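> Pasting a structure below so you can have a look.
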């Protein structure tokens with residue numbers, strides 16, 4: 001398949017996702033208009049009660065991507081994180097997605113997935129979430145050995161707790177989560193469940209168009225299988241410094257550099273870690289509404305920029 005043809009297909013997919021998000025935004029706007037004509041008593045049922053001394057979420061978190069990731073401001077809301085992990089720039093719809101970072105537990109088959117969940121606001125700055133994943137491997141490919149339904153799975157249910165705060169002008173989100181692994185690739189390699197910790201901090205220089213940030217992550221996994229041929233990493237850490245530039249009210253440029261390392265389960269020395277290849281991603285953030293954010297992007301290895309060693313992706317956060 002030619003690069004031109006693949007580029008056209010990719011653009012069509014991005015346009016389609018944008019149209020779907022726009023339709024969702026229009027539906028949300030219509031819903032809000034209908035709600036505004038309802039009785040005030042009915043509207044108060046899903047509002048977060050502000051306690052004395054508390055501040056509004058949007059006064060603490062102003063970054064558009066981070067707002068969408070932390071959910072709607074309602075007491076109870078529906079949240080979804082959609083993603084397509086595709087092939088390369090040369091062939092976005094290829095049936096293999098290169099593991100460009102050589103990370104443990106990385107699936108090489110392209111996957112279209114969604115995390116669907118419910119979000120409960122404990123307070124304006126704290127939330128609990130429960131979610132389950134829905135996905136399909138090789139979504140744009142035929143497989144003579146499996147039907148589309150057999151490649152579709154409901155997977156990786158989990159719960160998480162998040163808290164938002166601002167310190168010295170820096171926006172912060174801290175999260176902890178538990179996940180049960182059920183996807184074919186992870187279960188084949190013995191993964192049962194995991195504990196995840198994350199911290200994101202962003203500074204926007206007093207509300208300017210430029211912001212810099214840092215995301216940190218750490219995870220631990222549990223297993224029910226042993227074997228030297230299994231792809232198993234029991235611990236993982238990551239640091240992801242990033243830069244954003246706001247173009248206008250709806251668009252922003254974002255680039256990120258990822259530093260990750262895994263500890264192999266077969267390694268008895270806890271101080272021996274295997275660093276992944278440093279990667280960089282670049283993409284365009286699209287703020288459809290406060291609660292709908294799209295992020296088409298491409299990942300590559302800065303020290304070895306080759307079209308066949310890239311990953312293309314599309315993520316979307318939609319909260320209702």
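> Failed condition for residue 93, given (1) modelled with pLDDT of 80 or more; (2) surrounded by 18 or more Cβ atoms within 10 Å (Cβ to Cβ), with all others met?
Checking residue 93 against (1) modelled with pLDDT of 80 or more; (2) surrounded by 18 or more Cβ atoms within 10 Å (Cβ to Cβ), the one that fails is (1).
> If I go through region 151-177 residue by residue, how many of them are over 21 Å from residue 63 (Cα atoms) and surrounded by fewer than 16 Cβ atoms within 10 Å (Cβ to Cβ)?
Result for region 151-177: 3.
> Right, something else. Looking at residue 268, is it surrounded by fewer than 16 Cβ atoms within 10 Å (Cβ to Cβ) and either in a strand (DSSP E or B) or more than 22 Å from the chain's Cα centre (by Cα) (or both)?
Considered against the rule, which asks whether it is surrounded by fewer than 16 Cβ atoms within 10 Å (Cβ to Cβ) and either in a strand (DSSP E or B) or more than 22 Å from the chain's Cα centre (by Cα) (or both), residue 268 comes out as yes.
> Now a separate question. Restricting attention to region 185-213, report how many residues are within 22 Å of residue 247 (Cβ to Cβ), touching a strand residue (DSSP E or B) at 6+ places or on another chain (Cβ under 9 Å) and touching a residue at least 12 places away in the same chain (Cβ under 8 Å).
Counting residues in region 185-213 that are within 22 Å of residue 247 (Cβ to Cβ), touching a strand residue (DSSP E or B) at 6+ places or on another chain (Cβ under 9 Å) and touching a residue at least 12 places away in the same chain (Cβ under 8 Å) gives 9.
> Go over the candidates 249, 234, 262, 229 one by one and state the one that is over 22 Å from the mean Cα position of the chain (by Cα) and either surrounded by fewer than 19 Cβ atoms within 10 Å (Cβ to Cβ) or in a strand (DSSP E or B) (or both).
229
The values are calculated or read from the model by the stated rules, or taken from the named source; none is laboratory data. As the structure is a computational prediction, the values presented were derived from the model and not from experiment. Cβ atoms come from the backbone with ideal geometry, glycine included; neighbour counts cover every protein chain shown.
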